[in-house]
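**Q** Questions regarding the structure given below will be posed in turn.
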């Protein structure tokens, strides 16, 4: 797949590295000057990164999302958009409404937001990642979560993004209760 990861920080870099290792064509989108990003993938202007993408992963700070979507929302039309952003302090932690308004034909996925980046870079054995997705995006989300090394746990279609957001609050609380240990993850036992 042609994947554009928007953001070159810990989350974007960790995910991008795993996607490239799995053989996907990857480019980072950033406001930084073009160059080389995590894992050696090219960094391009955001608009250029979005131009050929089949899958877009949003991995930017929460406060950057409204402007990013306002400027580049049309480029998301017809793509699978994976929302890994937590917009803390906002009415909605996820960016689903913003994305739907700007690009109604985009297929939405809420994933990679409920664990710390450390769990993407070096997943704990058997760790689960909860996600919600539009039907047409579910197989892609499942594959990309798997290549990161996590077990995909589907909680429902895109309207269940808030359920995934609830996991974020639980994860943050548990991290605090465990002395700030961000290598904490969830496992689903059948």
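**Q** Find the centroid of the Cα atoms in the stretch 8-41 and in the stretch 120-141, then give the distance between the two in whole Å.
**A** So the two Cα centres are separated by 18 Å.
**Q** Ok, one more. Roughly speaking, what is the stretch gain from residue 100 to residue 187, that is 0.36 nm per residue apart minus the C-alpha to C-alpha distance, in nm to one decimal? Don't skip to the answer; put the middle values down first.
**A** Numbers: separation 87, 0.36 × 87 = 31.32 nm, distance 3.09 nm.
Full extension from residue 100 to residue 187 adds 28.2 nm.
**Q** Sticking with this one: With the calculation restricted to Cα positions, what are the radius of gyration and Dmax of the stretch 26-121 in angstrom?
**A** Using the Cα atoms of the stretch 26-121, the pair Rg, Dmax is 13.0, 37 Å.
**Q** Follow-up. Among 50, 115, rank each residue by its count of other Cβ atoms within 10 Å, from fewest to most, as a rough exposure measure. The partial results should precede the final answer.
**A** On the way: 50 19, 115 25.
Result, fewest neighbours first: 50, 115.
**Q** If I model a spin label at residue 74 and residue 157 as a point 7 Å from the Cα along the Cα→Cβ vector, what separation in nanometres do I get?
**A** 2.9
**Q** Okay, next question. What's the angle, to the nearest 10 degrees (0 to 90), between helix 161-177's Cα axis and the longest principal axis of the chain?
**A** Value to nearest ten degrees: 50.
**Q** Subtracting the Cα-Cα distance from 0.36 nm times the residue separation, let me have the gained length for residue 172 to residue 52 in nm, one decimal.
**A** On the way: separation 120, 0.36 × 120 = 43.20 nm, distance 3.53 nm.
Additional length available on full extension: 39.7 nm.
**Q** From largest to smallest, what semi-axes in whole angstrom does the chain give when each is the square root of 5 times an eigenvalue of its alpha carbon gyration tensor? Mind dumping the intermediate values first?
**A** Working: eigenvalues 112, 69, 52 Å².
Working from the Cα gyration tensor, I get semi-axes of 24, 19, 16 Å.
**Q** Could you pull out which residues in the stretch 136-171 have an amide N less than 19 Å from a spot 7 Å beyond the Cα of residue 91, following the Cα-Cβ vector?
**A** 159-163, 165-166
**Q** How much of the calculated P(r) for the stretch 113-182 lies past 15 Å, in percent of all Cα pairs? It would help to have the intermediate numbers written out before the result.
**A** On the way: 1334 of 2415 pairs.
Value for the stretch 113-182 (Cα pairs over 15 Å): 55 percent.
Read-outs throughout are calculated quantities, based only on the coordinates presented, and are distinct from any laboratory measurement. Model, not experiment: these values are computed from the prediction. Cβ coordinates were reconstructed from backbone atoms using ideal geometry, including for glycine residues, and neighbour counts include every protein chain displayed.
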